[in-house]
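What follows is a set of notes on a single structure, which appears directly below.
The values are calculated or read from the model by the stated rules, or taken from the named source; none is laboratory data. Predicted model only: the values in this text are computed from it and were never measured. Neighbour counts are summed over all protein chains in view; Cβ atoms, including those assigned to glycine, are modelled from backbone coordinates with ideal geometry. With ligands, DNA and RNA removed, areas are computed over all heavy atoms of the protein, side chains included. Shrake-Rupley method; radii C 1.70, N 1.55, O 1.52, S 1.80 Å.
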Amino acid sequence: MKDPIAYVARFVPGYRRPVLEELNDRLDGRLVVCAGAPPEASFKALSSGPAPTYKRIRLRNTWIGGQRALIQNTQPVFSCNPSVLLAEESPRTLSLPCLLASAKRKGIGTLLWGHFSSNRRALSKVHPLDRYRIALAKRVDGCVCYTDQIAELIAPHIPGERCFVARNTLDTPQLFKLYSALEEEGKAHIRNRLGLPERGRIVVFVGRLVADKRPEILLNLHKALGITEQTALVVIGDGPEYAKLLARVENEGLENVFLRGAIPRLEDSAPLIYAADVMVCPGYVGLNVNHSFCLGVPVVTCTSPDPKIRYHSPEIAYLQPKVNGMQARYGDLDELVKAVLTVLENHDYFSANALAYAQANLKLESMIDGLVEAIQYAEERTLAKR
């Protein structure tokens with residue numbers, strides 16, 4: 001049997017587990033996941049679940065300033081004698097350079113997997129954090145990017161043969177299976193059993209309730225949409241902003257607002273998302289785009305507040321305005337309302353396009369293909385050096 005492949009991450013959220021399970025299967029059981037505990041309760045809720053089939057090595061995480069920075073005790077990683085080390089690309093992990101240097105000294109192939117850029121600024125040769133990220137990317141055998149757009153972004157700095165794309169996604173086989181079952185059951189029946197209004201429009205939000213996602217705008221949107229027609233709002237998620245939302249709902253006497261908290265399991269969240277007409281995220285989006293598209297639900301979000309920055313996580317690349325969703329000008333509630341109404345009034349068109357995009361472009365199999373290709377390249381490159 002070939003040597004193990006070590007994946008090193010800060011922690012493993014629940015949505016990442018199916019990806020790692022599938023990767024382990026494709027690697028013939030060679031994957032060893034090395035990670036520590038998450039920093040916050042809302043992350044811990046997303047990290048729960050049954051024991052995985054892949055091997056695990058628990059690392060000691062020392063979080064600094066909440067989740068601003070992290071130091072990991074990574075020495076246990078090498079106890080499994082890996083041939084390749086696939087590390088989460090995060091400038092917050094202060095121990096990452098030492099981990100990669102140790103792997104190089106031991107003749108282990110190295111890969112970085114992640115964003116390679118910040119949502120908050122354009123990639124720059126001048127900014128110290130960007131220079132740091134580029135420097136690390138140049139040192140490893142290969143870089144695995146979340147999207148084609150990220151690969152294009154770092155292309156001027158990394159040789160093409162060392163740049164790979166593993167289009168970031170979720171457990172799409174399960175989501176597509178859930179979609180088929182929900183389609184057979186019917187939206188009206190699902191709404192009824194979930195205690196949601198059978199008639200009228202339903203807006204859903206799914207994601208962590210943090211300030212950058214601007215969840216309070218959802219309540220303003222709900223009030224604006226409710227002027228013309230019955231509208232319900234379903235919020236799936238937990239986080240620091242939950243208490244503010246609950247207080248406003250109670251203080252303003254808002255009706256048909258359903259705060260459902262964190263729902264880690266796809267089979268539990270899927271009916272609530274499928275029952276909605278549109279997923280709205282007033283702030284930045286990420287994998288909630290994939291989650292919604294796989295269930296035939298179009299997405300509405302905002303544009304970047306600064307055209308020079310991405311603002312959103314890389315998955316914004318999947319949203320095609322006027323095709324499978326819409327973007328409204330950042331901070332403009334009237335434009336957000338118009339964007340949502342556009343989707344609602346042309347729901348069948350947007351819904352069909354959202355599902356079709358997911359089926360064609362967001363398959364888990366394609367993501368695994370990209371990861372395996374990078375791992376094989378790193379293994380072969382390392383063997384050639386010996």
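If I ask for residues that are over 28 Å from Asp28 (Cβ atoms) and surrounded by 19 or more Cβ atoms within 10 Å (Cβ to Cβ), which ones from region 64-88 would you list? Write out each step before concluding.
Going residue by residue through region 64-88, those that are over 28 Å from Asp28 (Cβ atoms) are 64-71, 73.
Within region 64-88, just Leu70 meets the criteria.
Taking Lys338, is it out of contact with any Asp or Glu (no Cβ under 6 Å at 6 or more places or on another chain), open to solvent by 50 Å² or more (accessible area, probe 1.4 Å), at pLDDT 95 or above and at negative phi?
yes
So which of Leu196, Leu209 is over 26 Å from the mean Cα position of the chain (by Cα), surrounded by 16 or more Cβ atoms within 10 Å (Cβ to Cβ) and in a loop (DSSP other than H, G, I, E, B)?
That would be Leu196, the only listed residue that is over 26 Å from the mean Cα position of the chain (by Cα), surrounded by 16 or more Cβ atoms within 10 Å (Cβ to Cβ) and in a loop (DSSP other than H, G, I, E, B).
Output yes when any residue across region 241-262 is in a helix (DSSP H, G or I), modelled with pLDDT of 95 or more, aromatic (Phe, Trp, Tyr) and surrounded by 13 or more Cβ atoms within 10 Å (Cβ to Cβ), and no when none is.
Let us first name the residues in region 241-262 that are in a helix (DSSP H, G or I), namely 242-251.
Those left that are additionally modelled with pLDDT of 95 or more: 242-251.
After this cut, where a residue has to be aromatic (Phe, Trp, Tyr) as well, the list is 242.
This time we only want the ones that are surrounded by 13 or more Cβ atoms within 10 Å (Cβ to Cβ), so: 242.
Among the residues of region 241-262, at least one is in a helix (DSSP H, G or I), modelled with pLDDT of 95 or more, aromatic (Phe, Trp, Tyr) and surrounded by 13 or more Cβ atoms within 10 Å (Cβ to Cβ), which makes the answer yes.
Where residues in region 344-355 are more than 23 Å from the chain's Cα centre (by Cα) and either modelled with pLDDT under 95 or assigned to a helix (DSSP H, G or I) (or both), which of them is farthest from Arg17 (Cα to Cα)?
Per the criteria, the residue is Glu345.
Restricting the search to region 152-175, which residues are touching a helix residue (DSSP H, G or I) at 6+ places or on another chain (Cβ under 7 Å) and touching a residue at least 60 places away in the same chain (Cβ under 8 Å)?
Matches in region 152-175: Phe164, Val165, Ala166, Arg167, Asn168, Thr169, Leu170, Asp171, Thr172, Pro173, Gln174, Leu175.
If you take the residues in region 212-235 that are outside any strand (DSSP E or B) and of a type in the set (Gly, Ala, Ser), which one is nearest to Ala339 (Cα to Cα)? Explain how you work it out, then say what you get.
Filtering region 212-235 for residues outside any strand (DSSP E or B) gives 212-230.
Now drop any that are not of a type in the set (Gly, Ala, Ser), which leaves 224, 226.
Details: Ala224: 13, Gly226: 15 Å.
Looking at residues that are outside any strand (DSSP E or B) and of a type in the set (Gly, Ala, Ser), I get Ala224.
Among the numbered criteria (1) surrounded by fewer than 21 Cβ atoms within 10 Å (Cβ to Cβ); (2) more than 19 Å from Phe164 (Cα to Cα); (3) under 21 Å from the mean Cα position of the chain (by Cα); (4) of a type in the set (Gly, Ala, Ser), which single criterion is violated by Ala358?
(1)
Tell me, please, whether a residue that is open to solvent by 10 Å² or more (accessible area, probe 1.4 Å) and over 27 Å from Leu355 (Cβ atoms) can be found in region 263-271. Lay out the reasoning, then the answer.
Start the filter on region 263-271 by keeping residues that are open to solvent by 10 Å² or more (accessible area, probe 1.4 Å), which leaves 263-268, 271.
Filter once more, so that each one left must be over 27 Å from Leu355 (Cβ atoms): none.
Looking through region 263-271, none of the residues is open to solvent by 10 Å² or more (accessible area, probe 1.4 Å) and over 27 Å from Leu355 (Cβ atoms).
Within region 89-137, restricting attention to residues that are charged (D, E, K, R), touching a residue at least 24 places away in the same chain (Cβ under 8 Å) and touching a Leu at 6+ places or on another chain (Cβ under 6 Å), which residue is most open to solvent (accessible area, probe 1.4 Å)? Can you show your working first?
Initially, region 89-137 is screened for residues charged (D, E, K, R), giving 89, 92, 104-106, 120-121, 125, 130-131, 133.
Imposing the further condition that a residue be touching a residue at least 24 places away in the same chain (Cβ under 8 Å) reduces the set to 89, 92, 104, 106, 120-121, 133.
Imposing the further condition that a residue be touching a Leu at 6+ places or on another chain (Cβ under 6 Å) reduces the set to 89, 92.
Values: Glu89: 19, Arg92: 106 Å².
For region 89-137, the residue satisfying everything is Arg92.
Might you let me know whether region 300-318 holds any residue that is within 18 Å of Val203 (Cβ to Cβ), small (Gly, Ala, Ser), open to solvent by less than 50 Å² (accessible area, probe 1.4 Å) and in contact (Cβ under 8 Å) with a residue 12 or more places away in the chain?
Among the residues of region 300-318, not one is within 18 Å of Val203 (Cβ to Cβ), small (Gly, Ala, Ser), open to solvent by less than 50 Å² (accessible area, probe 1.4 Å) and in contact (Cβ under 8 Å) with a residue 12 or more places away in the chain, which makes the answer no.
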